[in-house]
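Structure first, then comments.
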Amino acid sequence: MPVEEDLDQAPVAALTADDLLQRVASGDRGAFSDLYDATSSRLFGLIRRLIVDPAQSEEVMQDVYLEIWQTSTRFDQAKGSALSWMFTLAHRRAVDRIRSAQASRDRDMRIGVRDLGVPVDTVAEEAEVRIEHEKVHEAMSKLSDLQRECVSLAYYSGLTHTEIAAKLSVPLGTVKTRLRDGMIRLRDVLGVTT
Amino acid sequence: MTDATSRENAEGLAAGYALDALSDQEQAEYERALAEFPELRVEADGFAGTSARLAEQIEPVSPPPELKNRLMAMLDETPQVPAQPTGRHLAPVAELPATDASAAESAEPPPVGPRESEARRRWFQRPGGIIGVAAAAVLLVAGVLVGAGFAGPNGWSAQRVLASITDAPDAQTTTTEVSGGGTVTLTWSAEKGRSAVTAKGLSTLASDKTYELWYIDASGATSAGLFSDGSSWRVLDGNLPSGAKVGITVEPAGGSKQPTTDPIAVITT
């Protein structure tokens with residue numbers, strides 16, 4: 001696909017998600033539209049990954065963006081990037097949804113047909129995003145297989161401690177230890193500081 | 001429970017808390033410990049920042065375009081919550097004093113699950129904290145993400161169809177080597193009668209040539225669309241006839257009504 005042509009058409013002074021969110025906070029619908037265009041495929045990727053069912057994913061997606069619109073007024077850039085905040089909201093909403101029994105059933109049925117090895121309806125990632133993507137991928141590769149498995153089941157599959165323990169047939173304490181050690185490793189490798 | 005054991009328990013829950021992996025009960029337990037031992041907050045913040053980074057390696061997926069239209073139409077009846085007048089140190093949303101009861105009521109966000117509302121509280125009230133997502137803020141350039149448009153072979157509309165094919169319960173996929181180099185993967189759903197190809201590493205064609213897709217069955221070959229980029233994907237035009245093969249030929253730019261060259265790949269469905 002002709003990525004280069006699209007890059008040529010990029011606005012000269014591109015706004016970051018943080019800039020846009022700040023404008024959204026003042027009720028700027030145009031900025032909300034731009035913010036949506038710039039971030040929706042990232043959030044939808046996360047939500048679809050967790051929920052799998054497209055219709056339910058769209059419902060959660062709508063709730064997440066409405067909440068972004070409503071509460072952007074109280075977002076404080078000093079506390080992190082706009083995208084991190086949006087990812088956090090999206091992950092939480094998606095997890096709340098999949099903890100409902102009906103959603104889990106739907107998800108179990110669909111999960112088998114998900115990974116077909118085709119770059120489904122993914123979109124090309126813009127360069128900076130790709131770099132971040134690789135950093136995280138590399139950081140994940142620094143975990144032991146067991147740590148990575150636990151962190152992935154928690155974050156990417158939305159399982160609880162207890163569900164992970166049952167799935168892997170290991171004691172709950174073992175899951176807690178692997179998650180904790182894995183997250184410490186990731187935090188340090190990614191240079192997340194507080 | 002002694003202070004030492006409840007702190008120790010809390011440490012065992014910190015990672016799960018950041019990953020949204022706690023039961024409601026565990027979550028409540030961890031939050032009690034956070035309130036009791038403020039020093040745990042540093043680790044909680046670090047894990048929260050780490051957790052958000054994990055989203056970055058998920059492949060983006062374009063939502064259907066009508067979702068945005070719906071959302072934009074809802075903004076007018078969705079008032080924004082008033083900004084906290086005290087500025088940076090934000091109180092939990094739920095405890096915000098209402099300046100105008102009716103306005104505040106209508107301005108409340110839609111009902112949320114316990115975990116989600118907790119996330120919001122966590123984020124907004126972190127006392128003077130810094131979430132610490134490392135310096136390199138992710139730049140997202142508006143309009144650059146491919147697929148921002150509705151039309152076109154890789155636009156939202158096509159992506160929507162592609163998703164419906166790959167999500168179909170009877171979705172199948174086959175990859176074939178292409179003579180001249182590269183591979184072509186066909187994904188199809190017989191039930192939906194739709195299919196899509198993903199080309200990888202096919203030769204770059206001269207500007208007066210194009211790749212053309214064909215449905216091939218007993219009645220002959222029917223054109224199913226063109227593509228020029230040797231590494232790209234597209235949804236095939238029209239419906240996949242039951243039992244048909246899908247072929248690819250190189251044709252003069254603009255395509256042909258019938259194949260004029262031998263196929264470089266044929267895929268059996």
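The values are calculated or read from the model by the stated rules, or taken from the named source; none is laboratory data. This structure is a prediction, so every number in the text was calculated from the model and none was measured. Here the Cβ positions follow ideal geometry from the backbone for every residue, glycine too, while neighbour counts run over all protein chains shown.
Remarks
Quick grid of which residues meet (1) facing another protein chain (nearest Cβ under 7 Å); (2) under 25 Å from A:Ala78 (Cα atoms); (3) basic (Lys, Arg); (4) part of a helix (DSSP H, G or I):
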| site | (1), (2), (3), (4) |
| --- | --- |
| B:Arg7 | no, no, yes, yes |
| B:Gly16 | yes, yes, no, yes |
| B:Glu29 | no, no, no, yes |
| B:Ala35 | no, yes, no, yes |
| B:Arg53 | yes, yes, yes, yes |
| B:Glu56 | yes, yes, no, yes |
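Residue by residue, here is whether (1) at pLDDT 90 or above; (2) within 16 Å of B:Asp20 (Cα to Cα) holds:
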position	(1), (2)
A:Asp76	no, no
A:Leu83	yes, no
A:His91	yes, yes
A:Arg97	no, yes
A:Arg107	no, no
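- Complete set of residues in the stretch A:153-187 that are of a type outside the set (Lys, Arg), over 20 Å from the mean Cα position of the chain (by Cα) and more than 8 Å from chain B (Cβ to nearest Cβ): A:Glu163, A:Ala165, A:Ala166, A:Leu168, A:Ser169, A:Val170, A:Pro171, A:Leu172, A:Thr174, A:Val175, A:Asp181
- Only strands (runs of 3 or more DSSP E) whose full extent lies in the stretch B:167-269 are considered here, and the ones with at least 2 residues that are surrounded by 19 or more Cβ atoms within 10 Å (Cβ to Cβ) are B:183-189, B:194-200, B:209-217, B:220-227, B:232-235, B:245-252, B:265-268.
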